Structure formats: C-alpha cells, structure tokens
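Structure first, then comments.
Where a number appears in this text, it was derived from the coordinates with a stated rule and is not lab data. A quick note: this is a predicted structure, and the numbers were derived from the prediction, not measured. All Cβ positions, glycine included, derive from the backbone under ideal geometry; neighbour counts span all protein chains shown.
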Amino acid sequence: MRALVIWHDAAASPGLLGDRLEARGFELARFVVVEDVSRPVYRGDFPDPLDHDLVLAMGAPWSVYDTATIGSWIGTELELLRRAHANGVPVMGVCFGGQALAAALGGRVERAPRIQLGWFPVHPTREGAVGPGPWAEWHSDRFLAPPGSRLEAEDDLCQQAFTIGRSLGVQFHPEMTPTHVEQWLELGGAQAERELARAGTTPERLMTETRANLARATRNASDLVDWFLDSVAFPGFGHEVVASPAGPP
C-alpha cells in the first residue's frame with residue numbers, strides 16, 4: 001500500500017500521522033512542492049494520485065487563495081485532489097491540505113476572524129469519529145466544507161473536520177510534535193513570532209504545551225488515522241490490511 005504525502009514545504013512532515021500510517025502497512029511516498037519557502041513558486045509536474053492508494057496533503061505557511069504569492073501550482077494540486085477523490089483514492093487533508101480539499105470539491109477558503117495557534121479542544125458532531133482533542137492549531141484561514149460533505153467537528157471559530165465520500169479534511173494539526181514547532185519557528189522567523197504574539201502566546205509556551213501533550217497527541221493521531229482508514233477510506237476491510245481502490249496492493 002502506497003500513500004502519496006504532499007509536503008508543501010520541507011518542514012511539512014506527516015509526523016504522528018505518518019508514523020501511524022506506516023504502522024498500518026503504508027509506504028509513504030514523499031513529494032515536496034516548495035524547497036525554499038522564500039520562493040514558493042513551483043512549475044513542475046505533480047505525481048499521479050492514481051498510482052497510489054491514498055493521498056495525504058499536509059499543511060503550508062500560505063493561503064490557498066493567495067496565487068499572487070504561490071503561483072499557479074495550487075490549481076494543479078486542486079486538480080490532483082479532485083482526480084483522486086473522483087476515482088476513489090481517499091484523500092486526507094491537514095490544515096492547508098484540508099482547505100485545499102474543500103476548495104477542490106466545491107467548498108470555500110476564507111480568512112478567519114482571528115488566528116488560532118496553540119492546543120485547543122474541538123466539538124465532535126458524533127461519537128466515535130473525530131475525537132475532542134486537544135488538537136494543535138496554527139492557522140489564520142478556515143474552510144467552509146464542500147456541498148454534500150458531513151461536518152465531523154467544529155468550534156466557535158471554524159469548521160474543524162469534514163468527510164465527503166472516502167475523504168477527510170481537518171483544520172487542526174494532528175501530526176504535530178515538538179520537532180514541528182522547532183522547524184516552523186525557524187522557517188517562519190519574525191513572521192512566526194508575530195503570529196504567536198497575535199495569538200497571545202510565546203515560542204516557549206507553545207513548546208511546553210506541545211511536549212506536555214505529546215503522549216495524548218500520539219494516541220489521538222493514531223485513533224484518527226484508524227477511524228479514517230477503517231470507517232471512511234476503506235470501510236469494511238477491518239484493522240489489518242486495507243485494500244487498494246484501484247486493485248490489489
């Protein structure tokens with residue numbers, strides 16, 4: 001089983017999600033869109049999602065709608081996500097990736113009323129699906145789920161998770177570890193410091209909270225991946241080996 005993991009930048013590791021996918025038998029195929037975040041324009045080809053059994057689209061420091069900054073590659077990615085979804089290849093989108101999935105399938109992405117940065121609970125809409133967290137958040141935008149989707153979690157700021165067909169979009173960062181915090185602070189530089197200040201926190205506090213939440217976050221991420229695989233992406237195949245939508249693994 002192969003999962004295409006879209007790293008929008010070199011620090012967009014799948015972290016805890018990747019660990020659980022590998023434990024469930026997936027080989028992770030890494031595709032990095034932007035190597036240098038100071039030059040976020042990419043003009044090459046994207047992989048064919050139909051060569052994979054699952055697509056995992058990770059976060060990014062940009063806005064899906066900011067084509068003046070990131071150029072036309074976002075349109076190519078949206079088409080990749082639409083193609084995967086339309087052909088039965090499950091997609092999991094995380095933060096920017098979740099926003100991209102929403103936009104690809106007819107939803108919207110907009111500026112949120114305020115930044116959300118730190119560890120927060122969410123409100124699940126049904127038992128046994130997306131857990132209440134707390135989940136790591138780091139975003140200034142939010143998605144409006146596409147028509148025909150099911151809202152799985154929300155809070156007072158935004159929709160936090162939706163499912164549509166065999167795909168899942170989440171606004172939070174279930175993958176996050178202390179290593180992510182270190183890398184995102186380093187890459188973000190002064191802008192990251194300003195974002196933390198706007199959110200009323202500090203790098204030291206965010207790191208302390210992330211370390212304190214790591215054990216619980218690991219369990220939460222594993223539960224999320226298991227639910228996604230067993231109930232959304234490949235329902236009916238059980239906990240052992242999932243089957244490829246395009247044929248045998």
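Numerical summary
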{"read-out": "Fraction of antiparallel bridges per DSSP, region 2-233 only, in percent to nearest 5", "value": "55"}
{"read-out": "Estimated FRET transfer efficiency (residue 202, residue 10; beta-carbon r; R0 30 Å; 0.05)", "value": "0.75"}
{"read-out": "Simple spin-label estimate for residue 50 and residue 226 in nanometres, 7 Å along Cα-Cβ", "value": "3.5"}
{"read-out": "Using a Förster distance of 51 Å, the FRET efficiency for residue 87-residue 191 (Cβ separation, nearest 0.05)", "value": "0.85"}
{"read-out": "FRET efficiency estimate (nearest 0.05) - Cβ-Cβ, residue 219 to residue 151, R0 30 angstrom", "value": "0.80"}
{"read-out": "Charge dipole (the chain, unit charges on Cβ, about Cα centre) - positive-most of 89, 109, 136", "value": "109"}
{"read-out": "The chain: projected area of the alpha-carbon convex hull, averaged over directions, in nm²", "value": "12.0"}
{"read-out": "Pairwise label distance in nanometres, residue 65 with residue 112, each label 7 Å out on the Cα-Cβ vector", "value": "1.6"}
{"read-out": "Ellipticity estimate at 222 nm from DSSP helix runs (n ≥ 4, -39,500 (n - 2.57)) divided over the chain, nearest 500", "value": "-10500 deg cm²/dmol"}
{"read-out": "Region 1-50: C-alpha gyration tensor shape, a/c 1.5 cut-off, then a/b vs b/c", "value": "oblate"}
{"read-out": "Karplus-derived HN-Hα couplings along region 195-202 (A = 6.51, B = -1.76, C = 1.60, θ = phi - 60°), whole Hz, x at Gly and Pro", "value": "5, 4, 5, 4, 7, x, 9, 9"}
{"read-out": "Built amide H within the under 5 Å cut-off of residue 57, gap 5+", "value": "6, 92, 93, 94"}
{"read-out": "Farthest toward positive dipole pole in region 2-233 [+1 Lys/Arg, -1 Asp/Glu at C-beta], among 23, 46, 231", "value": "231"}
{"read-out": "Cα gyration tensor shape for region 119-242, rounded if a/c is under 1.5, else prolate or oblate", "value": "prolate"}
{"read-out": "Check: the chain dipole with +1 on Lys, Arg Cβ and -1 on Asp, Glu Cβ, in debye", "value": "380"}
